[in-house]
Amino acid sequence: MSTTATGRVASQVIDDDIQAFQALATMTGYDPRDANASIEAVTATFNELQAGEAALVHAQIALDTARDKLAATEQRFHKQILDVKTQVRAQYGEDSNELAALGLKKKSEKKSPTRRPRGTGTAEG
């Protein structure tokens with residue numbers, strides 16, 4: 001059964017680990033039996049951690065840039081389609097099949113406004 005941890009470590013825990021690593025760097029005579037706990041191994045992992053965090057920041061910036069570019073393109077496309085609808089209405093008329101092809105209702109298909117009869121109830125006051 002594997003006991004390998006998965007997922008991210010809480011940022012406060014990582015901050016505490018970094019402080020411990022910095023304290024370890026000041027120790028003289030540290031000579032562990034486990035090579036994985038050597039100052040060289042821990043330093044290499046710390047450098048890898050910093051590189052990974054930098055890569056994540058770059059990826060987030062790239063994602064934000066792509067999202068902003070997509071939003072601007074969506075807005076530009078939407079405005080162009082609104083302009084197309086206006087131009088089709090002007091060129092072909094309010095009751096044209098071309099207007100209906102764009103998903104708009106023809107003028108003849110719109111319901112005429114009807115008056116509502118006034119209530120016959122008595123006014124209390």
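The values are calculated or read from the model by the stated rules, or taken from the named source; none is laboratory data. Keep in mind it's a predicted model, so treat the numbers as computed, not measured. Glycine gets a Cβ as well: all are built from the backbone with ideal geometry, and neighbour counts include every protein chain shown.
I'd like the residue in the stretch 87-110 that is of a type in the set (Lys, Arg) and part of a helix (DSSP H, G or I) and, out of all such residues, is surrounded by the fewest Cβ atoms within 10 Å (Cβ to Cβ). Full working, then the answer.
Narrowing the stretch 87-110 to residues of a type in the set (Lys, Arg): 89, 105-107, 110.
From the residues that got through so far, the ones that are part of a helix (DSSP H, G or I) too are 89, 107.
Details: 89: 16, 107: 12.
Per the stated criteria, the residue is 107.
In the stretch 33-51, how many are in a helix (DSSP H, G or I) and surrounded by 10 or more Cβ atoms within 10 Å (Cβ to Cβ)? Before the answer, list the steps.
We begin by selecting, within the stretch 33-51, every residue in a helix (DSSP H, G or I); these are 35-37, 39-51.
Now narrow it down to the ones that are surrounded by 10 or more Cβ atoms within 10 Å (Cβ to Cβ): 37, 39, 41-51.
Count: 13.
Yes/no per residue for (1) within 30 Å of residue 26 (Cβ to Cβ); (2) modelled with pLDDT of 95 or more; (3) of a type in the set (Ser, Thr, Tyr):
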{"site": "44", "(1), (2), (3)": "yes, yes, no"}
{"site": "54", "(1), (2), (3)": "yes, yes, no"}
{"site": "62", "(1), (2), (3)": "no, yes, no"}
{"site": "68", "(1), (2), (3)": "no, yes, no"}
{"site": "75", "(1), (2), (3)": "no, yes, no"}
{"site": "83", "(1), (2), (3)": "no, yes, no"}
{"site": "88", "(1), (2), (3)": "no, no, no"}
{"site": "96", "(1), (2), (3)": "no, no, yes"}
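When the residues of the stretch 1-32 are narrowed to those that are among the acidic types (Asp, Glu) and assigned to a helix (DSSP H, G or I), which ends up surrounded by the most Cβ atoms within 10 Å (Cβ to Cβ)?
Filtering the stretch 1-32 for residues among the acidic types (Asp, Glu) gives 15-17, 31.
Filter once more, keeping what is assigned to a helix (DSSP H, G or I): 15-17.
Values: 15: 10, 16: 11, 17: 14.
Only one residue tops the list, namely 17.
Can you find even one residue in the stretch 65-82 that is in contact with a helix residue (DSSP H, G or I) (Cβ under 7 Å, 6 or more places away or on another chain), on the phi < 0 side of the Ramachandran plot, of a type in the set (D, E, K, R) and in a helix (DSSP H, G or I)? Break it down stepwise before answering.
Let us first name the residues in the stretch 65-82 that are in contact with a helix residue (DSSP H, G or I) (Cβ under 7 Å, 6 or more places away or on another chain), namely none.
Among the residues of the stretch 65-82, not one is in contact with a helix residue (DSSP H, G or I) (Cβ under 7 Å, 6 or more places away or on another chain), on the phi < 0 side of the Ramachandran plot, of a type in the set (D, E, K, R) and in a helix (DSSP H, G or I), which makes the answer no.
Report every pair of residues separated by at least 6 positions or lying on different chains whose Cβ atoms are under 6 Å apart, first residue within the stretch 34-47 and touching a residue at least 12 places away in the same chain (Cβ under 8 Å), second in a helix (DSSP H, G or I) and surrounded by 11 or more Cβ atoms within 10 Å (Cβ to Cβ).
Partner pairs satisfying both residue conditions: 46/21.
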